[in-house]
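S.K.: Provided herewith is a single structure, encoded as structure tokens, for subsequent inquiry.
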Amino acid sequence: GDSLTRGDRDANGSKPLRKWALVGNYLIRLQERLGRQFSVFNFGHGGAALMTLSGFHYGETSEHAAALAYNPNLVVLMLGTNDAKVSNWDYDDFVDEYSDLLEDVKELVGGSTLVVGLPVPYLGASQGFSASSQWGEDTSIMNDELQAATRDVVDRVGVDEVVDLFDLFGGDSPN
């Protein structure tokens, strides 16, 4: 995934990466809740996008290579936020490339459980979001098209579970 899935600390939870790092992140909290009988690994990379034409393709990161080499029991993927930037977005390319990635993951992890998260809502500058120059004022790409495209991917490929983070956040930014 991207920075939303990376969390606000490094992979082992020790190095704060953001000003609010003292509150931890969902990866650390998930590990705490699951206990020692499980191992949570983080393969997110800030700024990465799914689509190859985005300028920073997740498939070219060391985290992607490490994720493919790992043999998990459960895979959770959430991608698309950086693809939904005005300069990157193409509905059909996103559906095709995400479908290809999920098919590759399914093949590599065999009997593992595959979970896809629907991306969180985009608020835009009207709600104080400071990166609106990258995503634009039009919230429909992230809030409508990206959600529909991700659902199209899930329907095309078939996954074990979908977590609707868009509805869970109800318009509240995770950052």
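S.K.: Among the residues of the range 30-51, is there at least one that is of a type in the set (Asp, Glu) and within 23 Å of ALA149 (Cα to Cα)?
M.R.: No - not one qualifying residue is present in the range 30-51.
S.K.: While we're looking at this one, here's another question. Scan the range 82-120 for residues that are of a type in the set (Ser, Thr, Tyr), touching a helix residue (DSSP H, G or I) at 6+ places or on another chain (Cβ under 6 Å) and either farther than 16 Å from ARG156 by Cβ or exposed (fewer than 15 other Cβ atoms within 10 Å of the Cβ) (or both) and jot them down.
M.R.: Passing the criteria: only TYR91.
S.K.: Can I ask one more? Among the residues of the range 44-60, write down those that are aromatic (Phe, Trp, Tyr) and surrounded by fewer than 22 Cβ atoms within 10 Å (Cβ to Cβ).
M.R.: PHE56
S.K.: Moving to a separate point now. Considering each residue of the range 25-43, count those that are at pLDDT below 80, of a type in the set (A, V, I, L, M, F, W, C) and open to solvent by 50 Å² or more (accessible area, probe 1.4 Å), and give that number.
M.R.: So the count comes out to 1.
The values are calculated or read from the model by the stated rules, or taken from the named source; none is laboratory data. All of these numbers come straight from a predicted model, not from anything done at the bench. FYI the Cβ positions are ideal-geometry reconstructions off the backbone, even for glycines, and counts take in every protein chain you see. Note: accessible area is taken over every heavy atom of the protein model, side chains too, but ligands, DNA and RNA are not part of it. Shrake-Rupley method; radii C 1.70, N 1.55, O 1.52, S 1.80 Å.
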